[in-house]
Amino acid sequence: EAPRHRSNAVWTDNASYAEVLIQAPDDVQLSCNITYNNVKIENGSLAQYNNDKKLWQLLFAPERIGLHELTVYAGRNNDNESSSTSVVQFNLDVNKLQRPMKFPLIYTQFQTKKCQIYTPLDGILKKGSVVPIHCVIPGATDVNLTVDSQWLESEGYRDPILQREITVGSKEVLIYAKYKQKSSYDGLVKYTVQ
């Protein structure tokens, strides 16, 4: 539930993360972070564009109970500088946390190209597990993955949807996309393995 006309984000007791939905002009890109006692939580936030609803979905994963601060930043896509400004802050009071989580590491192109992860949202994958990957990656000419730095056979991408299963290795899983103007792949998302 998005905070509407209030300064507090909503926390549900059985949740692993909170969600804030924000509408922004097409040329504005949003990002976010979560802090606890003025310390940023590493991989504790994820800003992604919901292409169906035409809204930015900002997700925040606290590591512990207590009062957290959520900050949303905005920048224009057409700026020569990649600067963004803090535009809104919310408080998030976490009184119960059953399963803390981390989001995957997101690279710049993920937000620039307005990508979205459906699954897995958890950035730490279990070694040897079979994981369904379901993402929205608009406008790519090809999308592929590496597992422990080894390229997989390209499959499961029909613009804009990537949907496939992979077997997790022992180190990391990365999702890459290739766009018309470039001959190389851009990194979009990085998962770590435990």
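Charge tally for residue 102 (other residues, Cβ to Cβ under 9 Å; Lys, Arg +1; Asp, Glu -1): -3.
Arrange the peptides 85-94, 51-60 so that the one whose residues have, on average, the most other Cβ atoms within 10 Å appears first.
Working: 85-94: 15.1, 51-60: 17.6.
Peptide ranking by packing, descending: 51-60, 85-94.
Note on residue 182: lysines with a C-alpha under 16 Å away, same-chain residues under 8 apart excluded, are 113. Cβ-Cβ distance of residue 23 and residue 121, R₀ of 30 Å, FRET efficiency by 1/(1 + (r/R0)^6): the value works out to about 0.90.
Computed from the coordinates by the stated procedures, all read-outs in this text should not be read as laboratory data. Everything quoted here is computed from the prediction, not taken from an experiment. Virtual Cβ from ideal backbone geometry, glycine too; neighbours counted across all protein chains shown.
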